[in-house]
Amino acid sequence: MPINETNGRKFELDEIDLVILHALQKDGRISNVDLSERAGLSPSTTLERVRRLERSGVVRGYTARIDPRALGHDVVVFVQVTMRDHDQVSLQRFEDAIASHPDVLECHHVAGDYDFLLKVLARNVDELRKMLVERLSVLPGVGRIHTMLTLATVKHVLDVPLKEPAAVAEAARK
């Protein structure tokens, strides 16, 4: 049984937890009754299990997956940011500032030739230019910006790889 550390605590997942997590990742809107059937538990016991997974931080929330192109966001760019200073205060200032930018979908503090990797959405190249020049380059401590325009997304997965529980493997064989 895998042990997951969340919120600084160890959290042990059993086979039933894995069945529940597989089902929730596949369909976050699954009814508790359907989920309980998959887990082989009563609806009340299943609901308590889901709540325990939520409280522990294993399940962090539920969301709809929206196609950005359907809303006119045709440009996806990865932006590499190199900071002028690398002290904790400078890095934290940048992280705090970037957290309020709605164009930035992801921000990763990374090791290597640059300090941060951002995933940015824009409606078009003009909007991207404005965002880079007027909003990103003026953030505290930014030294250099390098962009990579996405031509196509070959793979986009949000699900976290989970150990295959025996019940899921058995259901797949049927």
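With respect to (1) surrounded by 11 or more Cβ atoms within 10 Å (Cβ to Cβ); (2) farther than 25 Å from Leu158 by Cα; (3) modelled with pLDDT of 95 or more; (4) acidic (Asp, Glu), the lone exception for Asp85 is condition (3). Can you tell me how many residues within segment 113-135 are assigned to a strand (DSSP E or B) and surrounded by fewer than 16 Cβ atoms within 10 Å (Cβ to Cβ)? Qualifying residue count, segment 113-135: 1. Tell me yes or no: at least one residue of segment 122-132 is modelled with pLDDT under 95, of a type in the set (Gly, Ala, Ser) and not assigned by TED's automatic domain parsing to the domain that holds Leu24. For segment 122-132, residues modelled with pLDDT under 95, of a type in the set (Gly, Ala, Ser) and not assigned by TED's automatic domain parsing to the domain that holds Leu24: absent.
Filtered by the rule that a residue be loosely packed, with under 14 Cβ neighbours inside 10 Å and part of a loop (DSSP other than H, G, I, E, B), segment 136-149 gives Ser137, Val138. Within segment 55-73, being surrounded by 14 or more Cβ atoms within 10 Å (Cβ to Cβ) and out of contact with any Leu (no Cβ under 9 Å at 6 or more places or on another chain) holds for Ser56, Gly57.
The values are calculated or read from the model by the stated rules, or taken from the named source; none is laboratory data. These numbers were taken from a predicted model, which means no experiment stands behind them. All Cβ positions, glycine included, derive from the backbone under ideal geometry; neighbour counts span all protein chains shown.
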